[in-house]
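The values are calculated or read from the model by the stated rules, or taken from the named source; none is laboratory data. Model, not experiment: these values are computed from the prediction. For neighbour counting, all protein chains shown are included, and Cβ atoms are generated from backbone atoms with ideal geometry for every residue, glycine included. Note: accessible area is taken over every heavy atom of the protein model, side chains too, but ligands, DNA and RNA are not part of it. Shrake-Rupley method; radii C 1.70, N 1.55, O 1.52, S 1.80 Å.
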Amino acid sequence: MGPHRPSRWRRPLLAASVTVLVAAATVLTSAPTAHAALFFEVPSLDGSGNNTANPNWGRSGQNYTRVAAARYTDGRSGVVTGPNARYISNRVFGDSNINIFSGRGTTGWVWTWGQFLDHTFGLRLDSSEPFNIPFNAADPMEDYTNDFGVIALNRSAAAPGTGVTNVRQQVNTESSYLNAAAVYGNTNARLDWIRGGSLDGNPTNNDATLMLPGGYLPTAAARGNPANAPVFDVDGVLRANPSVGTVAGDVRSNENINLTATHTLFAREHNRIVSRLPNTLTAEEKFQVARRVVMAEQQYITYNEFLPAVGLNMPAYTGYKSNVNAALSNEFAAAGYRMHSMIHSETEIETNVNRYSQATLDNFRAQGIEVVVDGPTVELAVMLNVAFFNPQLVPALQLGPLLQGIGAERQYRNDEQFANALRSVLFQVPRPGSDPACRADVPEQVQCFRGVTDLGAIDIVRALDHGLPSYNQLRQAYGLPARNSFTAITGESTDQFPAGSGVDNPNSLDVVALSDVDGTPIDLADEDAVEANATDQVRRSTVAARLRAIYGNVNNVDAFTGIIAEPRLPGSELGELQSAIWMRQFTALRDGDRFFFGNQASALDQIRSQFGVDFRLSLKDIIVANSDAEADEMNNNVFIIPDADLPPTTCTVTSVLNSQWNGGYQLSHTITNTGSTPLNGWSVQYRMPSGQRITQLWNGVVTQNGTLVTIRNADWNRTIPPGGSVNDVGFLATWDNAVNARPVGATANGRRCATT
């Protein structure tokens, strides 16, 4: 039996971009007749024509761009060799079955939304050229069994005309825009299939709504013969019966239940918008209004909630720039936009037990889902190996509880440490006859699995496959100085192993100390505290020591490993290089998109005034509007867990947006001392996430250094007694008329505060 790898089911239908024009805008090639009732240009499905001077910029089927010069051994396509990627993974990425959580309190919506975006603007063209990673069963650091002897991998396809006499390039099969392509697809043929109505290759004569039988994504058999459905990825348990796979705008909609649920959510949102439009519009006009709003919603949530949650503080939006190419760079796609280490090894759901029949609960247990019934409540824990390629679980679990559960639990820290569920059993199925309840995070049960798919090792090799430069070369390409030592990479104090340890000694990964989000030590013997609260750790050896033993010279460190080994910037989930990569790409995705909501304000305002449909919704708003998720059980910002779920604080900062106008707004703060001792002189700090600038403050003294805002007491309010508050610490500030995101997190006198 050959190595296990994901596959595509069926050949894709013929591709054709759709370019629709409405009202008085310039007619693009192949535009259907304009719809007189509408007043905006409708973006093409494949991204073509977004930039009118360069119509292929960002179009699907174009090559990834490059920031740095490609690095191949022969200058064309030969992959640079280095230490075995699984060897690196076992020593740098292994998690020792200890959870290290995000200090920012990010939830599962960070990685889920990040993946939803990735499946909107990026998908490499694959090849059948094997590029497997050798697996060494004799490695003293290896805990897993792999019957295949390799970790299966193929090279990305070389772009036509590249890699033989010139530098190999790779193809992005998606359009490089935030255009909700994961919902609608990039081709007429795919959109025609997922829209209700006829199936003739022309979606413009279809229903206004997307097909959602029973409120869930259509399966491959929804239109009859599953063999005629659009292509989608198949793996894991879905291989046994691919006809139950779901069809959505992107081929990867079945990859995990969080992603399938998000696809379902936005298909429902499209249909909800359609239901609010007047019947004076044709079906096609309703469809295009809804699509335009959903595109803006995806953009708005990304820049208003997702990026602030990870701590990427964007500069103010200054308008569309026709000289900016929004196309995805290889550096972003193949290395920088990879936060796999944040993914929790399970999704937990808590809901009313009467949602499910006893037969359903028994079926959950049979699949390996942990089921705990406590009176009227049931708690479900779905491990990643159960959640992957198991789309039938979404309607079984029901959309509301699943969407609520994604935002209910803190995720892991974005660092060099991967959950073993991702590093060793991703997409794998248990051995025949093994207990379906086998868990990848339980050392005694790892032998249940017959193969290893190491996402961290694949990330290393994929960057090399795409010709990315070394870590130091990549830093320099992004305007950052090269690092001259391993401790300079990691921010640690030593790159030497302690006596009795070493790079091949399993004790090098032993965790010797843990602390919580406030720096409070955690007793390693307290299993509950270790399981729930650790945000920092000390291991027997430093990451720097392990990197030095693996690479020898800092200039040998590969791009991906170096990126995730960096310490996170203050107030961020990202290290310095990853932040630079994200900033460059998300700025281009915003500034180089003619259909970005900030550049289309007049059209979107007219949709709001004429049809009563506003795109400026939080992700929570959309979840509540399209499911039975309990609003009072969800944080207003679903990307961040409620402060009540973190260790208690001794201060609270409550912010109220008093008013907002074109270019400016007024905000007021209440600072409360919830501790037991007075605050004699106080200083509150947070970061402005969207380019806002304070112009005037009262009842305090303010300084702003870049994104960092510091508000200090005035002479007359310097002391806050226990239980007391300082009210109306307010300011006027500017904003860019596009995004006025609220800050995530605040401190008072250096201590974390609860924020509301």
Find the centroid of the Cα atoms in region 274-289 and in region 500-521, then give the distance between the two in whole Å. 59
From the Cα trace of region 137-242, what convex hull volume per residue do you get, rounded to a whole Å³? 235
Quick P(r) readout (region 490-590; Cα-Cα; 10 Å bins; whole %) gives 13, 34, 35, 15, 3, 0
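Got the relative contact order for the chain handy, in percent, Cα pairs under 8 Å and 6 or more residues apart?
On the way: 1654 pairs, mean separation 124.8, N = 756.
Relative contact order of the chain: 17 percent.
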Applying the Karplus parametrisation 6.51 cos²θ - 1.76 cosθ + 1.60 with θ = phi - 60° to the phi angles of region 581-594, what ³J(HN,Hα) value in whole Hz is obtained for each residue in order, glycine and proline being reported as x? 5, 5, 4, 5, 6, 6, 5, 5, 4, 7, 6, x, 10, 5
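Heavy atoms only, 1.4 Å probe, whole protein assembly: order Trp113, Trp716 by accessible area, highest first. Could you put the intermediate results ahead of the total?
On the way: Trp113 0, Trp716 185 Å².
Largest accessible area first, the residues go Trp716, Trp113.
If you roll a 1.4 Å probe over the heavy atoms of the protein chains, what accessible area per residue do you get for the chain, in Å²? Don't skip to the answer; put the middle values down first.
Details: 27600 Å² over 756 residues.
I get 37 Å² per residue for this part.
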What number, rounded to the nearest 500 deg cm²/dmol, is the helix-based mean residue ellipticity at 222 nm of the chain, given -39500 (n - 2.57) per DSSP H run of at least four residues and division by all its residues? -6500 deg cm²/dmol
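Quickly rank 605-613, 352-360 as a protection proxy: mean count of other C-beta atoms within 10 Å, highest first. Kindly include the intermediate steps, with their values, before the conclusion.
Numbers: 605-613: 14.7, 352-360: 12.3.
Final packing ranking: 605-613, 352-360.
Determine the share of region 669-723's accessible area contributed by carbon and sulfur atoms, expressed in whole percent, with a 1.4 angstrom probe.
Details: 1310 of 2680 Å².
Ligands and nucleic acids excluded, carbon and sulfur give 49 percent.
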Of 114-126, 399-411, ordering from highest average Cβ density within 10 Å down gives 399-411, 114-126
Other-chain or far-sequence residues with amide H under 5 Å of Gly575's (modelled H): Leu569
Specify which labelled value, from (i) 16, 51, 31, 2; (ii) 16, 45, 32, 7, 0; (iii) 13, 37, 25, 19, 6, 0, agrees with P(r) over Cα pairs in 20 Å bins from 0, in percent derived from the coordinates of the model shown. (i)
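Could you rank Thr535, Thr377 by how accessible they are, 1.4 Å probe, largest area first? Before the final figure, lay out the partial values.
Working: Thr535 5, Thr377 35 Å².
Result, largest first: Thr377, Thr535.
Taking 8 Å as the Cα distance limit and 6 or more residues as the minimum spacing, I'd like the relative contact order of region 445-574 as a percentage. Mind dumping the intermediate values first?
Working: 159 pairs, mean separation 42.0, N = 130.
Once normalised by length, the contact order is 32 percent.
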For region 316-327, 3J(HN,Hα) per residue [Karplus equation, 6.51 cos²θ - 1.76 cosθ + 1.60, θ = phi - 60°, Hz, x = Gly/Pro]: 4, 6, 10, x, 5, 10, 5, 8, 9, 8, 6, 3
Which of the peptides 263-274, 179-190 is most tightly packed, and how do the rest follow, judged by the mean count of other Cβ atoms within 10 Å per residue? 179-190, 263-274
Could you derive backbone 3J(HN,Hα) for region 265-277 from the dihedral phi with the Karplus parameters 6.51, -1.76 and 1.60 (θ = phi - 60°), listing whole Hz in sequence and x where the residue is Gly or Pro? 4, 7, 5, 4, 4, 4, 5, 5, 5, 4, 5, 9, 8
If we restrict to alpha carbons, what Rg and Dmax does region 272-393 come to, in Å? 21.6, 61
